[in-house]
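Engineer: Starting off with a structure, shown below.
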Amino acid sequence: MQAQEAIRRQPQVERNMDLVRDLLLKIEGNQEMDYTRQFPIGHPSLDIPGYSSDQLAYHAKLLLENGYAKGDYRGPSISGLTWDGHEFLDSIKDIGIWETTKQQLASLPSVTLKVFASTAEAIGAAIVKKHLGL
């Protein structure tokens, strides 16, 4: 009975890929996030205007559980990006690639984080090849 009550009390939060990107950018941009200490959600270093603490916590947990960030998902708190986190962010950092990726995937009812990342990587690779004349 207690487990059911806890589930009902948890806020409903939908995954927001823009917030995923914003969090990755925020973590990468903070030079103090070098794995030496944990930054809990709610810390000014992780605050993103327009999002609630529940939304931030949910998306931080997604980044932690999918291996894009290091930290403690129970808190949640973040100490930095993983190699995969840096790779994913590099593939979506460019706003043009980001917007193109979102447009390409918009017609699908849902897309996993991994599919989103691989699509962004493919779009970025195509742009680089075109730029290099390959």
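Engineer: Could you work out how far helix 53-65 tilts from the main Cα principal axis of the chain, as a 0 to 90 degree angle to the nearest 10?
Structural biologist: Between helix and principal axis, roughly 60 degrees.
Engineer: While we're here: If one takes the longest principal axis of the Cα atoms in the chain, at what angle in degrees, from 0 to 90 and to the nearest 10, does the Cα axis of helix 17-29 lie?
Structural biologist: For helix 17-29, the angle is close to 90 degrees.
Engineer: Moving on. What are the semi-axes of the equivalent ellipsoid for the chain, taken as the square roots of 5 times the Cα gyration tensor eigenvalues, largest first, in whole Å?
Structural biologist: Listed largest to smallest, the semi-axes of the chain are 28, 19, 12 Å.
Engineer: Got the relative contact order for the chain handy, in percent, Cα pairs under 8 Å and 6 or more residues apart?
Structural biologist: Over the chain, the number comes to 20 percent.
Engineer: If we sort 50-60, 75-85 on the protection proxy, mean other Cβ atoms within 10 Å, highest first, what's the order?
Structural biologist: 75-85, 50-60
Engineer: Evaluate the relative contact order of the stretch 43-94 (contact order divided by residue number), counting alpha-carbon pairs under 8 angstrom at least 6 apart; express in whole percent.
Structural biologist: Rounded, it is 23 percent for the stretch 43-94.
Engineer: Which residue, chosen from G50, S79, T101, occupies the Cα position most advanced towards the positive end of the dipole of the chain, where the dipole is computed from +1 (Lys, Arg) and -1 (Asp, Glu) charges on Cβ about the Cα centre?
Structural biologist: The residue sitting most towards the positive pole is T101.
Engineer: Run through the stretch 9-101 and list the trypsin sites (Lys or Arg not before Pro) located in a DSSP loop whose Cβ has at most 14 other Cβ atoms within 10 Å.
Structural biologist: R37, R74
Engineer: Still on this structure: Using only Cα atoms, tell me the angle between helix 95-105 and the longest principal axis of the chain; keep it within 0 to 90° and round to the nearest 10.
Structural biologist: The angle comes out near 80 degrees.
Engineer: 222 nm [θ] for the chain, helices only, -39500 (n - 2.57) per DSSP H run of 4+, per residue, to 500?
Structural biologist: Mean residue ellipticity, 222 nm, calculated: -17500 deg cm²/dmol.
Engineer: Next question. Taking the solvent-accessible surface of protein heavy atoms with a 1.4 Å probe, what is the per residue accessible area of the chain in Å²?
Structural biologist: Using a 1.4 Å probe on heavy atoms only, each residue of the chain averages 64 Å².
Engineer: Apply 1/(1 + (r/R0)^6) to the Cβ-Cβ distance of D90 and A126, taking R0 = 22 Å, and write down the FRET efficiency to the nearest 0.05.
Structural biologist: E(calc), rounded to 0.05, equals 0.90.
Engineer: A further question on this structure: Got a sec to turn the phi values of the stretch 123-129 into Karplus ³J(HN,Hα) couplings, 6.51 cos²θ - 1.76 cosθ + 1.60 with θ = phi - 60°, whole Hz, x for Gly and Pro?
Structural biologist: Those phi angles translate into 5, x, 5, 5, 5, 5, 4 Hz.
Engineer: Same structure, new question: How big is the charge dipole of the stretch 12-134 about its Cα centre, in debye rounded to the nearest 20, if each Lys and Arg gets +1 on its Cβ and each Asp and Glu gets -1 on its Cβ?
Structural biologist: 220 debye
Engineer: Once amide H atoms are placed 1.01 Å from N in the peptide plane, what residues at a sequence separation of 5 or more from L81, or on another chain, have their amide H within under 5 Å of its amide H?
Structural biologist: Amide H neighbours of L81: K70.
Engineer: Can you compute the FRET efficiency between T36 and R15 using 1/(1 + (r/R0)^6), with r the Cβ-Cβ distance and R0 = 41 Å? Round to the nearest 0.05.
Structural biologist: 0.90
Engineer: Which whole-number percentage describes the relative contact order of the stretch 11-71, with Cα contacts under 8 Å and a sequence gap of 6 or more?
Structural biologist: After rounding, I find 38 percent.
Engineer: List the pairs from K26/K61; K26/K70; K61/K114; K93/K129; K26/K130 whose alpha-carbon separation is above 23 Å, in the order I gave them.
Structural biologist: Violating the 23 Å Cα-Cα cut-off are K26/K130.
Engineer: Another question about this same structure. For the stretch 41-75 and the stretch 14-33, what is the centre-to-centre distance using only Cα atoms, to the nearest Å?
Structural biologist: What the calculation gives is 8 Å, centre to centre.
The values are calculated or read from the model by the stated rules, or taken from the named source; none is laboratory data. Just so it is clear, the structure is predicted and the values come from calculations on it, not from any experiment. Reconstructed Cβ throughout: ideal geometry from the backbone, glycine too, with neighbour counts over all protein chains shown. The area values use the complete protein model at the heavy-atom level, side chains included, leaving out ligands, DNA and RNA. Shrake-Rupley method; radii C 1.70, N 1.55, O 1.52, S 1.80 Å.
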